[in-house]
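Student: Can you keep this structure in mind? I'll have questions shortly.
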Amino acid sequence: MAEFDLIQPIPAAEQGSSEHANASAEASAGREQWKTQRILQFTDLHLFTEPDRRLGGQCTRDSFEAVLALAQGTGWPPDAILFTGDLVHDERPEAYRYLRQRIDRLGCPCYCIPGNHDRADLLAREVEPGADQDFRVKRLGAWDLILLDSTLPGSEAGRLQLNSLAALERHLQSAHPRPALVALHHQPLPIGSRWLDTMQIDNGQSLIALAERYDNLKVMLWGHVHQAFDRQRGRTRFLATPSTCSQFLPESDDFAEDQRPPGYRWLELEPDGDLRTGVERLSEGPFPPDSR
């Protein structure tokens, strides 16, 4: 099922019925379209109901709060925030309610995608209605943010539903030349880490084929891999982002943790389809892995 939204639409009551009011609304929409859009990505929070629960030696709630505070120190609020899966680790509604309470205080639109550790039904019920849909589109200025559910029940790997791929292709055709960013949880292509690449999207090549076919698919953005990744392939930028808790060692054949601190990604989307992006991490490691 597809969902289409406009971020911060002009309320009908404010549009008025006169030609002057309509012209003003159109001019305002035009100015918004030409604005650079700044979005943030937080991923793989692995929150628990108990505030002091740890994963890989990290107190996941403390590390998320620290990364959030870091982000709030620069250019806040952003135009939107993407939470790209594995948001709750213990599959309990109380942890999702905590996340909802934090989102309510952020002061900007926030969109959530389930990961393999999430319960999509609880995510949709407790945090964001519609987060359990396979395919959604959110309009942000000149860009389309396309949110895909890549989870595969009972598996740590991912798969895109055929109807999602078909809906994505229809959208890229009909919305051309509007630039599009596709956000999902699993990586659609190998990242060079043998153990993690056994858990990528098993039909990711179909998604990559769409990127090769449609020049308005500018960015693919995901989580899952607990590390930064940045690769240009044709006209599309492929990006992964560190977890807000523990990290995985890049280019490792087997499971291994990385000592680099938690972080997040920022993206600045230009109306002409250009992109600036970077990863910000906590400056020191206040949450080192330990043996607890």
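Student: Based on what the data block shows, is Asp118 in contact with a Ser or Thr (Cβ under 6 Å, 6 or more places away or on another chain), modelled with pLDDT of 95 or more, buried (at least 16 other Cβ atoms within 10 Å of the Cβ) and not polar (S, T, N, Q)?
Tutor: On the way: in contact with a Ser or Thr (Cβ under 6 Å, 6 or more places away or on another chain): no; modelled with pLDDT of 95 or more: yes; buried (at least 16 other Cβ atoms within 10 Å of the Cβ): yes; not polar (S, T, N, Q): yes.
In short, no.
Student: Given the criterion out of contact with any His (no Cβ under 6 Å at 6 or more places or on another chain) and modelled with pLDDT of 95 or more, identify the matching residue among Ala21, Ala13, Ala69.
Tutor: On the way: Ala21 fails: modelled with pLDDT of 95 or more; Ala13 fails: modelled with pLDDT of 95 or more.
Only one candidate passes the filter, namely Ala69.
Student: I would also like to ask the following. Can you say whether Glu280 is in contact with a strand residue (DSSP E or B) (Cβ under 8 Å, 6 or more places away or on another chain) and of a type outside the set (Phe, Trp, Tyr), as far as the supplied structure shows? Talk me through it step by step, then tell me what you get.
Tutor: Values: in contact with a strand residue (DSSP E or B) (Cβ under 8 Å, 6 or more places away or on another chain): yes; of a type outside the set (Phe, Trp, Tyr): yes.
Yes: the conditions hold for Glu280.
Student: Further question: Of the numbered conditions (1) in a loop (DSSP other than H, G, I, E, B); (2) out of contact with any strand residue (DSSP E or B) (no Cβ under 8 Å at 6 or more places or on another chain); (3) among the small types (Gly, Ala, Ser), Ser206 fails exactly one; give the number of that condition.
Tutor: Going through (1) in a loop (DSSP other than H, G, I, E, B); (2) out of contact with any strand residue (DSSP E or B) (no Cβ under 8 Å at 6 or more places or on another chain); (3) among the small types (Gly, Ala, Ser) one by one, Ser206 breaks only (1).
Let's see how each residue does on (1) surrounded by fewer than 22 Cβ atoms within 10 Å (Cβ to Cβ); (2) aliphatic (A, V, I, L, M):
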residue	(1), (2)
Glu128	yes, no
Asp132	yes, no
Arg139	yes, no
Leu160	no, yes
Ala167	yes, yes
Pro179	no, no
Pro188	no, no
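Student: Do you know which residues across the range 240-260 are touching a Phe, Trp or Tyr at 6+ places or on another chain (Cβ under 9 Å), surrounded by fewer than 23 Cβ atoms within 10 Å (Cβ to Cβ) and either touching a residue at least 12 places away in the same chain (Cβ under 8 Å) or in a strand (DSSP E or B) (or both)?
Tutor: If the condition is that a residue be touching a Phe, Trp or Tyr at 6+ places or on another chain (Cβ under 9 Å), surrounded by fewer than 23 Cβ atoms within 10 Å (Cβ to Cβ) and either touching a residue at least 12 places away in the same chain (Cβ under 8 Å) or in a strand (DSSP E or B) (or both), then Phe248, Leu249, Pro250, Ser252, Asp253, Asp254, Phe255, Glu257, Asp258 are the ones that fit.
Student: Select from the range 36-91 the residues that are of a type in the set (D, E, K, R) and part of a loop (DSSP other than H, G, I, E, B) and write down the one among them that is farthest from Arg281 (Cα to Cα). Walk me through how you get there before you give the answer.
Tutor: Narrowing the range 36-91 to residues of a type in the set (D, E, K, R): 38, 44, 50, 52-54, 61-62, 65, 79, 86, 90-91.
Filter once more, keeping what is part of a loop (DSSP other than H, G, I, E, B): 44, 50, 52-53, 79, 86, 90-91.
Working: Asp44: 14, Glu50: 25, Asp52: 21, Arg53: 22, Asp79: 20, Asp86: 19, Asp90: 25, Glu91: 27 Å.
So the residue we want is Glu91.
Student: Looking at the range 222-232, which of its residues are crowded, with 23+ Cβ neighbours inside 10 Å and part of a strand (DSSP E or B)?
Tutor: Residue satisfying the conditions is Trp222 alone.
Student: On the given criteria, is Ala120 among the small types (Gly, Ala, Ser), closer than 20 Å to Tyr264 by Cβ and touching a Pro at 6+ places or on another chain (Cβ under 9 Å)? Working first, answer last.
Tutor: On the way: among the small types (Gly, Ala, Ser): yes; closer than 20 Å to Tyr264 by Cβ: no; touching a Pro at 6+ places or on another chain (Cβ under 9 Å): yes.
For Ala120, the condition - among the small types (Gly, Ala, Ser), closer than 20 Å to Tyr264 by Cβ and touching a Pro at 6+ places or on another chain (Cβ under 9 Å) - is not met.
Student: Given Gly85, Gly130, which one is within 20 Å of Gly154 (Cα to Cα) and modelled with pLDDT of 95 or more?
Tutor: Details: Gly130 fails: within 20 Å of Gly154 (Cα to Cα).
Of the residues listed, the single one that is within 20 Å of Gly154 (Cα to Cα) and modelled with pLDDT of 95 or more is Gly85.
Student: Another question, if that's okay. On the given criteria, is Gly273 on the phi > 0 side of the Ramachandran plot, surrounded by fewer than 22 Cβ atoms within 10 Å (Cβ to Cβ) and either modelled with pLDDT under 95 or touching a strand residue (DSSP E or B) at 6+ places or on another chain (Cβ under 6 Å) (or both)?
Tutor: Values: on the phi > 0 side of the Ramachandran plot: yes; surrounded by fewer than 22 Cβ atoms within 10 Å (Cβ to Cβ): yes; either modelled with pLDDT under 95 or touching a strand residue (DSSP E or B) at 6+ places or on another chain (Cβ under 6 Å) (or both): yes.
It is true that Gly273 is on the phi > 0 side of the Ramachandran plot, surrounded by fewer than 22 Cβ atoms within 10 Å (Cβ to Cβ) and either modelled with pLDDT under 95 or touching a strand residue (DSSP E or B) at 6+ places or on another chain (Cβ under 6 Å) (or both).
Student: Right, here's the next one. Considering each residue of the range 269-280, count those that are under 29 Å from Gln58 (Cβ atoms) and either touching a residue at least 40 places away in the same chain (Cβ under 8 Å) or part of a loop (DSSP other than H, G, I, E, B) (or both), and give that number.
Tutor: Of the residues in the range 269-280, the ones under 29 Å from Gln58 (Cβ atoms) are 277-280.
Keeping just the survivors that are either touching a residue at least 40 places away in the same chain (Cβ under 8 Å) or part of a loop (DSSP other than H, G, I, E, B) (or both) gives 277, 279-280.
Matching residues across the range 269-280 total 3.
Student: All but one of (1) free of Cβ contacts under 8 Å to residues at least 24 places away in the same chain; (2) within 27 Å of Thr36 (Cβ to Cβ); (3) not hydrophobic (A, V, I, L, M, F, W, C) hold for Asp197; which doesn't?
Tutor: (2)
The values are calculated or read from the model by the stated rules, or taken from the named source; none is laboratory data. Just so you know, these numbers come straight off a predicted model, no measurement behind them. As a convention, Cβ positions derive from the backbone with ideal geometry for all residues, glycine included, and neighbour counts pool all protein chains shown.
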